[in-house]
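For reference, the structure is listed below as structure tokens.
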Amino acid sequence: MSDDDISQAEAGGLLTIDLAALRANFAEIAQRVAPAACAAVVKGDAYGTGLVPTASALWDAGARTFFVALLGEARTLRAALPDAEIFVLNGLFPGTQEIYREARLTPVLGSLPEIEGWRAFCAEVDELLPAALHVDTGMNRLGVSPAEAINLAEGREEIGFPLALVMSHLACADEPDHPLTAQQLEDFRAIAALFPDVRASLANSAGAMSSPAFRFDLVRPGIAVYGGRARTDVAPLRPTVRLDLRIVQVRHVHEGQTIGYGAAHTARRPSRIAILSAGYADGIPRLAGASDLRSGAEAMVAGRRCPLVGRISMDLLAVDVTDVLEDDVAAGDWATLLGDGLTLGDLAHHSQTVDYEILTSLGRRYCRRWTY
Ligand SMILES: *Cc1c(COP(=O)(O)O)cnc(C)c1O
């Protein structure tokens, strides 16, 4: 746990990660998708929750296969989980093959040059090292084309190493009726059939919650494990992250005075304003702030929902606590931005973004605690 050197006393925010909720969410998804196997996607520092503590908790919940984006993440994970199967999604960067081999990591190969790079390395070290094949079915991000996949399957293009997995990624899984989703499913079915002895994987969280047809052999949920919304029409699982922010001061503001940068917010009544010790440098989006023209996110202070007022600063933000009893809020107290009914979805909505971005932006200056 790399960030727990920031003590609660000195921190502007306290980030609490509920590993029991993470385990429960994983177990719930794994049960829903059975008999397909359930992997865990832990890229982006496990969506901001801490790669090693979170992946270890998911291992305890039965996860054996993990996906990360980068080789560095994979090496960190390997040190913590010696027996896990670890896939690296972002492809094979030149000259990294030996790192994969040494740490027993599996690259997800998404282009013919990457396949050639892995084949040449296997020949050089005279070992048959497994790799995954990513086939693009319409996302146009990573992956060989379906035509290239057919050539590989039918031997016109040599592979030269064992395939651990054939996979593709859905572009619109959160919109189940999007025509691209049906087309991707159909195309991936045809491709998976060309590799009958290789495990197949298509679904992210949203796909895992769609019809069983999307599940194939292995599903790859990320956001749902973390309690975020994969689809707006499916209720999220248990929240896993709680964020409390330190109240630095409570100030009195006269009616007509403005609050914060740009004088963007005007007090409409004599107000008490709590100043909290976190801002956009801690991953709280500027769009979560408020002005005279638009309302922003809310914080929970002494059991009451209170609106953010004015712009979010780099290290501070303001909350209108006029409706909280004066005796119930003081400097040194904590206000809650996530938790006590304030959801990731609420904050993402007010910030015009997605749960993913809120989680993966969570700041590095918080005191982080993992509860078991
Ligand atoms: C990030 C990612 C996932 C997980 O997606 P969620 O929407 O978070 O479930 C699965 N597969 C690939 C290829 C990804 O990049």
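The values are calculated or read from the model by the stated rules, or taken from the named source; none is laboratory data. Treat the numbers as computed from the prediction; the structure is a model and nothing was measured. Don't worry about glycine lacking a Cβ; one is built from the backbone with ideal geometry, like all the others, and counts go over all protein chains shown.
Looking for whichever is closer than 30 Å to Leu342 by Cα, more than 15 Å from the ligand (Cβ to nearest atom) and part of a helix (DSSP H, G or I) here; the options are Gly207, Gly262. Which one fits?
Sole residue among the options that is closer than 30 Å to Leu342 by Cα, more than 15 Å from the ligand (Cβ to nearest atom) and part of a helix (DSSP H, G or I): Gly262.
One residue is enough: does region 49-64 have a residue meeting the conditions within 17 Å of the chain's Cα centre (by Cα), in contact (Cβ under 8 Å) with a residue 40 or more places away in the chain and closer than 21 Å to Ile99 by Cβ?
For region 49-64, residues within 17 Å of the chain's Cα centre (by Cα), in contact (Cβ under 8 Å) with a residue 40 or more places away in the chain and closer than 21 Å to Ile99 by Cβ: present.
Pick out the one residue from Asp60, Asp18, Asp45 that is at pLDDT 95 or above, more than 26 Å from Ser168 (Cβ to Cβ) and in contact with a Ser or Thr (Cβ under 8 Å, 6 or more places away or on another chain).
Unique residue meeting the criteria: Asp18.
Among the residues that make up region 316-338, is at least one of them touching a helix residue (DSSP H, G or I) at 6+ places or on another chain (Cβ under 9 Å), under 19 Å from His265 (Cα atoms), of a type in the set (Asp, Glu) and away from the ligand (no atom under 16 Å from the Cβ)?
Among the residues of region 316-338, not one is touching a helix residue (DSSP H, G or I) at 6+ places or on another chain (Cβ under 9 Å), under 19 Å from His265 (Cα atoms), of a type in the set (Asp, Glu) and away from the ligand (no atom under 16 Å from the Cβ), which makes the answer no.
Filter region 317-356 down to the residues that are over 17 Å from Arg242 (Cα atoms), buried (at least 19 other Cβ atoms within 10 Å of the Cβ) and hydrophobic (A, V, I, L, M, F, W, C) and list them by number.
Selection gives Leu317, Ala318, Val319, Val321, Val324, Val329.
Among the residues of region 150-162, is any without any contact (Cβ under 8 Å) to a residue 40 or more places away in the chain, of a type outside the set (D, E, K, R) and within 30 Å of Ala230 (Cβ to Cβ)?
So far as region 150-162 goes, no, none of its residues is without any contact (Cβ under 8 Å) to a residue 40 or more places away in the chain, of a type outside the set (D, E, K, R) and within 30 Å of Ala230 (Cβ to Cβ).
Can you find, within region 56-73, the residue that is surrounded by the fewest Cβ atoms within 10 Å (Cβ to Cβ) among those that are within 17 Å of Asn204 (Cα to Cα) and within 16 Å of the ligand (Cβ to nearest atom)?
By that ranking, first place goes to Ala69.
Cβ-Cβ distance below 8 Å, separation of 6 or more or different chains: which pairs start in region 227-245 with a residue that is assigned by TED's automatic domain parsing to the domain that holds Ile284 and more than 19 Å from Leu19 (Cα to Cα) and end on one that is assigned to a loop (DSSP other than H, G, I, E, B) and modelled with pLDDT of 95 or more?
So the pair list comes out as Leu245/Gly12; Leu245/Ser277; Leu245/Ala278.
Under the condition of being part of a loop (DSSP other than H, G, I, E, B) and among the hydroxyl-bearing types (Ser, Thr, Tyr), which residue from region 224-259 is modelled with the lowest pLDDT?
Thr232
Anything in region 159-204 that is of a type outside the set (A, V, I, L, M), over 14 Å from Leu109 (Cα atoms) and either away from the ligand (no atom under 15 Å from the Cβ) or in a helix (DSSP H, G or I) (or both)? List them, or say none.
Asp177, Pro179, Thr181, Gln183, Gln184, Glu186, Asp187, Phe188, Arg189, Phe195, Pro196, Asp197, listed by residue number.
Taking region 105-130 as the search range and keeping residues that are under 19 Å from Met167 (Cβ atoms) and in contact with a Lys or Arg (Cβ under 9 Å, 6 or more places away or on another chain), which one is nearest to the ligand (Cβ to nearest atom)?
Looking at residues that are under 19 Å from Met167 (Cβ atoms) and in contact with a Lys or Arg (Cβ under 9 Å, 6 or more places away or on another chain), I get Gly110.
In region 85-98, which residues are crowded, with 21+ Cβ neighbours inside 10 Å and under 28 Å from Gln31 (Cα atoms)?
Passing the criteria: Ile86, Phe87, Val88, Leu89.
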